[in-house]
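The values are calculated or read from the model by the stated rules, or taken from the named source; none is laboratory data. All figures in this text were calculated on a predicted structure; none of them were measured in a lab. Because the Cβ atoms are built from the backbone with ideal geometry, glycine has one as well, and the counts that use them run over all protein chains shown.
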Amino acid sequence: MNLAQIRDDLEGAWWHYIRVNDFSFLQTIPDLSDLQMNEGDILIHKQIKEGERFPTIRYHLIKNKKSLIIENEEVKEILANKLVEYVKKNKSLPFACKVVKFFKNGNAQVNYSPTQYDNFALKINPKAHKVENLQSFFEGLKSDPNPIKPIKTEKEPPLFKDQWIIRSSADENKTYIVTKNKDGSFSCTCPHHVFRKAECKHIKQVKKSLS
């Protein structure tokens, strides 16, 4: 699928990919023109709009080889169902999942947090998923590693015109997107820039490459 052809109300190439069968998470998609996806997989599209501090997010469900925009609650419902299927099959928790709470009514909450900014609180109902006791069901289970390995390149290419992927120097599994805005200023998706509005090292790296 060509992600550059998917239309919502956001611009740019800040996409994440969730392969729902095993909770694989791809934080950076190096080739937006050719991402191999399965029926039921989920895409996350983000953009920090001008004048805003936090990104606007759109979720896309792959259905009949097309993209369908869905809400956050629908994403969590899909992931909750797939979580139970995964545990029954593998006797372990999917990647980035952690059981955080059991409720008096027998329900459980499992958080799926593939990044520090992407977190889905999944509510599991034992009757709905035909599980007799969720505490026993989840007891002793550990989370599996990410089945999709980060794709590394010797040089991070521009995403679109005036956008660049910059890999974190502290964590090779993290990448950030630097954008040159229409007014000539630069923005970055890293926490240092998003929360402090400061010129981060990623922006400086891009400026240096353009000079």
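Numbers at a glance
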| quantity | calculated |
| --- | --- |
| Any hit, the range 30-50, residues being in contact with a Gly (Cβ under 6 Å, 6 or more places away or on another chain) and either at pLDDT 95 or above or not small (Gly, Ala, Ser) (or both) | yes |
| Filter pass, LEU43 being touching a residue at least 40 places away in the same chain (Cβ under 8 Å) and crowded, with 18+ Cβ neighbours inside 10 Å | yes |
| Test: residue in the range 132-139 that is part of a strand (DSSP E or B), among the small types (Gly, Ala, Ser) and at pLDDT 95 or above | no |
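Yes/no per residue for (1) charged (D, E, K, R); (2) assigned to a strand (DSSP E or B); (3) crowded, with 19+ Cβ neighbours inside 10 Å:
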residue	(1), (2), (3)
ASP31	yes, no, no
GLN36	no, no, no
GLU39	yes, no, no
GLU50	yes, no, no
LEU61	no, yes, no
GLU73	yes, no, no
LYS76	yes, no, no
LYS82	yes, no, yes
VAL99	no, yes, yes
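Here is a yes/no grid of residues against (1) within 30 Å of LEU83 (Cα to Cα); (2) surrounded by 10 or more Cβ atoms within 10 Å (Cβ to Cβ); (3) touching a helix residue (DSSP H, G or I) at 6+ places or on another chain (Cβ under 9 Å); (4) modelled with pLDDT of 90 or more:
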site	(1), (2), (3), (4)
LYS155	no, no, no, no
PRO158	no, yes, no, no
TRP164	no, yes, yes, no
SER169	no, yes, yes, no
THR175	yes, yes, no, no
ASP183	no, no, no, no
THR189	yes, yes, yes, no
ALA198	no, yes, yes, no
